[in-house]
1. Considering (1) at pLDDT 85 or above; (2) assigned to a helix (DSSP H, G or I); (3) crowded, with 18+ Cβ neighbours inside 10 Å, say which one residue 200 fails and leave the rest.
2. All but one of (1) touching a strand residue (DSSP E or B) at 6+ places or on another chain (Cβ under 9 Å); (2) modelled with pLDDT of 85 or more; (3) surrounded by 15 or more Cβ atoms within 10 Å (Cβ to Cβ) hold for residue 212; which doesn't?
3. Output yes when any residue across segment 322-335 is under 30 Å from residue 82 (Cβ atoms) and touching a strand residue (DSSP E or B) at 6+ places or on another chain (Cβ under 8 Å), and no when none is.
4. Residues being surrounded by 15 or more Cβ atoms within 10 Å (Cβ to Cβ) and in a strand (DSSP E or B): count how many of those fall in segment 344-381.
5. So, in segment 114-132, of the ones that are over 30 Å from residue 309 (Cβ atoms) and in a strand (DSSP E or B), which residue ends up modelled with the lowest pLDDT?
């Protein structure tokens, strides 16, 4: 009995200890759960903070990018030196200097009147042009450009008849000459035979009989007035030949600018359809021929001005042109070559090199133009470097929006 009671006490003690352990275990688990919940709450709060911080950082990045973009815009147009050299970008330093006033006028280029000759028919007949002779052909003085054939023409061959008349008169003269020496005919009869021979000889020309039409001078055939198979009379024009020496410019100056006439000093020409730069005719021996203060009867309201220059100038005889008639000279004027100007939406711009690799688009206010230079009233200062060659490539560099290689906004 005593042993049984002892065993029960031991079992009860073990159960109590086990319950306490469970309680402690539950207590610890409860504490851990509470702590874990608090930790999760803190973690959530931390996540919100991190999101806020991340958004703040993104805002700073965007601000930095915007600032970078503003800085890039402020820096202007960037072009590497090797690209500038490749595309022919050149600059000139702007300094005040001489500037010639000018008036724009319409004009035409003509062959010089002293440098034009006409090849005429040596006899009457049908024209037969030489091989290769067309308008634009280059010929030499004395070269045969056509032949005139009288055969088959109504009325007979005048040259053949003339040749026969000469031969008959010569035979009669040869017959009477020895008779005069022998006293068998009078002096008058001999003189009559001699006169008939001279008259027949004068009416007949061996060179004319050949029918050759020759170029009176070297040059270019600018017109054929009698084509293949045309009938011409003796002396009719067959072709017009212009020498390669000089050309004449006929410009029409508006009457309202008549005061410029005494001051005319040069001409700058821009041929219609030409892609090249304006041509200063003073570089080709340009010389004023004549002008008058009276208006032309052919073109009322305009004064014709004639200017001669060498044919080596890059213009074509017979073409229309736009010219600048240059007059008085002004000093201390800031100007740029016409090639430097760029027009956008009606505004005038130039490109200024501001640094080693940097260029800047500059709005300018312009004044007069004399064909080669444009007066700048505002927008440029002496000593600045203006782009005069490759302007179109600098403009393309300005308009380019390509992201440089290796740069990306994806982070």
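1. It fails just one condition, (1).
2. Only one criterion is unmet by residue 212, namely (2).
3. Scanning segment 322-335, I find no residue that is under 30 Å from residue 82 (Cβ atoms) and touching a strand residue (DSSP E or B) at 6+ places or on another chain (Cβ under 8 Å), so the answer is no.
4. Qualifying residue count, segment 344-381: 17.
5. 125
The values are calculated or read from the model by the stated rules, or taken from the named source; none is laboratory data. None of these values were measured; they are calculated from a predicted model. Heads up, the Cβs are rebuilt from the backbone with ideal geometry, glycines too, and the neighbour counts pull from every protein chain shown.
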